[in-house]
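The values are calculated or read from the model by the stated rules, or taken from the named source; none is laboratory data. Since the structure is predicted, the reported quantities are computational estimates derived from the model, not experimental observations. A quick note on method: Cβ atoms are made from the backbone with ideal geometry, for glycine too, and the neighbour counts reach across all protein chains shown. Ligands, DNA and RNA are stripped out before the accessible areas are found, and what is left, the full protein with its side chains, is counted by its heavy atoms. Shrake-Rupley method; radii C 1.70, N 1.55, O 1.52, S 1.80 Å.
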Amino acid sequence: MTRSAATPAKIDFKTQDKALYRPPVGSFVRIEVPPMSFVMVDGQGDPNQAPAYRDAVEWLYSVSYALKFAMKAEGRDYVVPPLEGLWWADDPSSFVARRKYAWRWTMMIRTPLDVDVLRFSEAVAKASNKRGTAPQSLRLALYEEGLCLQTLHVGAYDDEGPTLAELHERIMPAQGLTFAGPHHEIYLGDPRKVEPARLKTVLRQPVRAR
């Protein structure tokens, strides 16, 4: 069956913006990341133990799917993109050393750029009917990273440490670069369905010249 000319194709950001989601395994490459719109929630603490982390992720998906179905009703359907996270700590070594209790994070899911405050508010209201009071930091925001180094990590999240240490201690200094924002991860696999050794995660670091 052929697609009707009047029916627009469903947008899939992972296909549309392949360079952002498909870096090579085993090496860091430079990429210029454009401004993108996200639904975001902030928090802190070990993501495996902090109740706020699970709550944040559930709210992000609830609002993101409410947005998707609202836009689909307008004839502009899209695939809800993967979960992403910004991670940092007051002591940067806490992240590489996996001292998770010291982590701060912003979890987020991308939206089309034309999602506005009104659509977002309506999606939050719809999600609130099932979930109750939204996290105080839940928001729609434009995020721009600019120049970044990124790679694809295959394996368990806790095995990222050596790769990040290599980036921070050798690759960035060798290229005359320093940090320009928090560590960024994009989760291409679902840990509930994929064994840890096969998980795929984009590791991205915004950088600038020293």
| said: What's the number of the only condition in (1) closer than 21 Å to residue 153 by Cβ; (2) in contact with a strand residue (DSSP E or B) (Cβ under 7 Å, 6 or more places away or on another chain) that residue 68 fails to meet? | reply: (1)
| task | Filter segment 172-210 down to residues that are out of contact with any strand residue (DSSP E or B) (no Cβ under 6 Å at 6 or more places or on another chain) and buried (at least 18 other Cβ atoms within 10 Å of the Cβ) and give me whichever is nearest to residue 42 (Cα to Cα). | result | 199
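Residue-wise test of (1) within 30 Å of residue 174 (Cα to Cα); (2) touching a Cys at 6+ places or on another chain (Cβ under 8 Å).
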{"site": "16", "(1), (2)": "no, no"}
{"site": "32", "(1), (2)": "yes, yes"}
{"site": "61", "(1), (2)": "no, no"}
{"site": "81", "(1), (2)": "no, no"}
{"site": "84", "(1), (2)": "yes, no"}
{"site": "88", "(1), (2)": "yes, no"}
| said: Quick test of your reading of the structure: residue 110 fulfils all but one of (1) without any contact (Cβ under 8 Å) to a residue 24 or more places away in the chain; (2) among the charged types (D, E, K, R); (3) within 22 Å of residue 134 (Cβ to Cβ). Name the failing condition by number. | reply: (1)
| query | What residue, among those in segment 17-43 that are out of contact with any Pro (no Cβ under 9 Å at 6 or more places or on another chain) and either among the aliphatic types (A, V, I, L, M) or at pLDDT below 95 (or both), is surrounded by the most Cβ atoms within 10 Å (Cβ to Cβ)? | reply | 39
| Exactly one of (1) open to solvent by 10 Å² or more (accessible area, probe 1.4 Å); (2) among the aliphatic types (A, V, I, L, M); (3) assigned to a helix (DSSP H, G or I) is unmet by residue 134. Its number? | (3)
